[in-house]
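Data first, discussion second: the structure below is written as structure tokens.
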Amino acid sequence: MVYRCGTVVLKYDNFGDLEGQSEVERVWAVMHLAGDCCVRTGRLFRSDHPAGPKRLAGFCMPMETPIVPATIANKEERLRLIYQVRDLVAKLHSKNIVHGDLKPQNLLKCSEGSLRLCDFDNASVEGDGYVNPAMTIPYCSQFRFRYDSVPMTRAEDTYALGLTIWELYTGRTPLTYGDESMEDECVQQILENRVNVGMRPDMALIDDLAVRGLIDECLAAAPECPNVFWRDELFCVETRLEFNRCLAKPRHLYSRIVHRTTCRHPNGPCEDPYVDPKIYPSPLDPVCVKCEPGVEYLGIPPQYSTPYPKTWGDT
């Protein structure tokens, strides 16, 4: 539970069981190790009896200034924040700590002028084996979405850093394109499908070459994800992607479809899929089957691709 008390924020374990106490102690240990990468934090203790032993029950911290990318109009301020958060994450990783939930909402501008991280509930020390399946969908990697039962790594932090930088520069939430007016359940499902098929944010919105290079470097750090598709119960989703090695302008496209579990056509075109309005670069590196006749079609399983004439691809 999180409470606001004047200029102080209290985060409190309201359950009082041993498991909850153990988790609070674990988070405190990670925050203590993070040092000045973490917002200044004090401890809250409780006792079930006035004369009884006290136990760690939560944390308190000053109410610092949150980072809201959509409200930052000055490009210089955006760039300053981008390089501050890059250095902050590098410093955290130098302490062998993985934050596990990097996003703008977990960045705070402190009263002394420094940028610090908050919400270390998902954080862990590398090698400690800690696993928390909780995630924030727009900022998690395709690998994390499919394999949430393995410990977090620096690579996934770095991937989330790329998406955080993208949002700091554009003022938009990654992978949302006008969907915010839809019902919450549908928005969440669309975001999950976009993450599941490996979509990346729209890099055409990044007009600064240095920032674009930084984002590309971060996104390239994502753990490799086996080509196994997760299914959902709501609807099928069709994504249009560009061939990377294509001679045409604009580049030729192919489609990838993730079928819902109850789809009547699991191995072919769907009757009424949700078609993502954006066009994305391929997360793989297939040769364009229209521009390279006779060259083997690489990387895309036929059941998830738009059919093409035999003379275009596989031989």
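Every read-out reported here was derived from the displayed coordinates using simple, explicitly stated rules and does not represent laboratory data. As the structure is a prediction and not an experimental result, all values here were calculated from the model. Because the Cβ atoms are built from the backbone with ideal geometry, glycine has one as well, and the counts that use them run over all protein chains shown.
Overview of results
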{"item": "Computed label-point distance, nm, for sites Val187 and Ala204 using a 7 Å Cα→Cβ extension", "result": "2.4 nm"}
{"item": "Stokes-Einstein diffusion coefficient of segment 65-219, Kirkwood radius over Cα pairs, 4 °C, 1.567 mPa s, in µm²/s", "result": "81 µm²/s"}
{"item": "Qualifying lysines (Cα of each under 20 Å from Cα of Lys249; at least 8 residues distant if same chain)", "result": "Lys278, Lys290"}
{"item": "Sorted peptide list for 125-135, 240-250, criterion being average Cβ within 10 angstrom, highest first", "result": "240-250, 125-135"}
{"item": "Karplus-derived 3J(HN,Hα), 6.51/-1.76/1.60, for each residue of segment 188-205, Hz, glycine and proline x", "result": "4, 5, 5, 4, 4, 5, 5, 5, 4, 8, x, 5, 10, x, 6, 6, 5, 7"}
{"item": "Two-site FRET efficiency, Ala90 against His252, from Cβ-Cβ distance with R₀ of 41 Å, rounded to 0.05", "result": "0.55"}
{"item": "Approximate spin-label separation Gln21-Phe45, in nm, with each point projected 7 Å along Cα-to-Cβ", "result": "1.3 nm"}
{"item": "Electrostatic dipole magnitude of segment 135-178 [Cβ: Lys, Arg +1; Asp, Glu -1; Cα centre; debye, to 20]", "result": "60 debye"}
